[in-house]
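Novice: Dropping the structure in here first, questions after.
Each value in this text was obtained by applying a stated rule to the coordinates, not by laboratory testing. Fair warning: this is a prediction, and the values are worked out from it, not measured in the lab. Here Cβ is always computed from backbone atoms with ideal geometry, including for glycine, and neighbour counts include all displayed protein chains.
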Amino acid sequence: MRRGPVLLVIPLFVVAAIVAMAAEDEFGQKRRKVNKSNQEWAKLLTRNQFLVTRMKVTEPAFSGRYVNNHAKGVYRCVCCDSDLFSSRTKFNSGTGWPSFWQAISPSSIDTEADNSTAEQRIEVLCTTCGAHLGHVFDDGPPPTGLRFCINSLALKFVNPAAAAKKSKSESDAKDEKSRDEPGTDAEKTSPSEAKPGAK
């Protein structure tokens, strides 16, 4: 009788089960990089953002601020500021919610079965903080055929050009301020570095 291979397989299943359980907390939820209690989230978010992202409520169709947003940029998680979707993959699905055919990165989102309605759906969550974002369907455009149907309240939009312009103006203001302040590097030159004849 060959018991060696069978006895070896059983410990491998046990190890795999332990590893899978270690990736989840005591309530069966995945561990996240950003963990906060509902009380903490309620203090950080507006009431409607909290209801959508933490209580999994769906905003009414055509009510979201990003349904008709056509600007170039990145859509981030309203809870943890992680990049989720690019405007390059956004399309008009006619459903009333911002729709994307692909996430910015496969590791930026999680999906899990949602059996809260009569029709089973696939829920989309932020990998970093576990925020409920919306659902994904298989009726999207090429090349993926997917439609990530996302609540506007779960997102914040960042226009890279505006962010870069703001960053540059802040940097320029900081440089100008440092030139005007006494004790800056320009005034800290040692006597040996000073030009001859300068006081």
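Novice: Along segment 70-81, what does the Karplus equation 6.51 cos²θ - 1.76 cosθ + 1.60 (θ = phi - 60°) give for ³J(HN,Hα), rounded to whole Hz, x for Gly and Pro?
Specialist: 10, 6, 7, x, 10, 9, 10, 5, 5, 7, 10, 6
Novice: Out of residues 5 or more away from PHE137 or on other chains, whose amide H comes under 5 Å of its own, with H placed 1.01 Å from N in the peptide plane?
Specialist: So PHE137 has HN proximity to ARG147, PHE148, CYS149.
Novice: Report the number of Lys pairs in segment 33-158 whose alpha-carbons are under 27 Å apart, with separation of 8 or more residues or on distinct chains.
Specialist: Taking the Cα cut-off of 27 Å, the pair count is 13.
Novice: Using 7 Å Cα-to-Cβ label points, what is the GLU119/ASN92 separation (nm, one decimal)?
Specialist: Computed distance between label sites GLU119 and ASN92 equals 2.3 nm.
Novice: Next up: Amide H of VAL57 versus every other amide H placed in the peptide plane: which residues, excluding those fewer than 5 positions away on the same chain, fall under 5 Å?
Specialist: VAL52
Novice: Going through segment 111-158, which GluC sites (Glu not before Pro) have at most 11 other Cβ atoms within 10 Å and a DSSP loop state? Let's see the in-between values first.
Specialist: Working: sites: GLU112, GLU119, GLU123; in loops: GLU119.
Passing both the DSSP loop test and the Cβ count: GLU119.
Novice: Return the FRET efficiency for the residue pair HIS70, SER105: r is the Cβ-Cβ distance, R0 is 25 Å, and the value is rounded to the nearest 0.05. Mind showing how you got there, number by number?
Specialist: Working: r = 22 Å, r/R0 = 0.90.
Working from the Cβ atoms, E equals 0.65.
Novice: Using the alpha-carbon centroid of each, what span in Å lies between segment 24-87 and segment 105-131?
Specialist: Segment 24-87 and segment 105-131 have Cα centres spaced 12 Å from each other.
Novice: Using the Karplus curve 6.51 cos²θ - 1.76 cosθ + 1.60 with θ = phi - 60°, what ³J(HN,Hα) values do you get for each residue of segment 58-69, in whole Hz, with x for Gly and Pro?
Specialist: Running phi through 6.51 cos²θ - 1.76 cosθ + 1.60 with θ = phi - 60° gives 9, 5, x, 4, 6, 9, x, 6, 9, 4, 10, 7 Hz.
Novice: Along segment 135-141, what does the Karplus equation 6.51 cos²θ - 1.76 cosθ + 1.60 (θ = phi - 60°) give for ³J(HN,Hα), rounded to whole Hz, x for Gly and Pro?
Specialist: For segment 135-141, the Karplus-derived couplings read 9, 10, 10, 9, 10, x, x Hz, x marking Gly and Pro.
Novice: Would you grab the residues whose amide H sits under 5 Å from the one on ILE109? Only those 5+ places off in sequence or on another chain, please, with H modelled 1.01 Å from N.
Specialist: THR127
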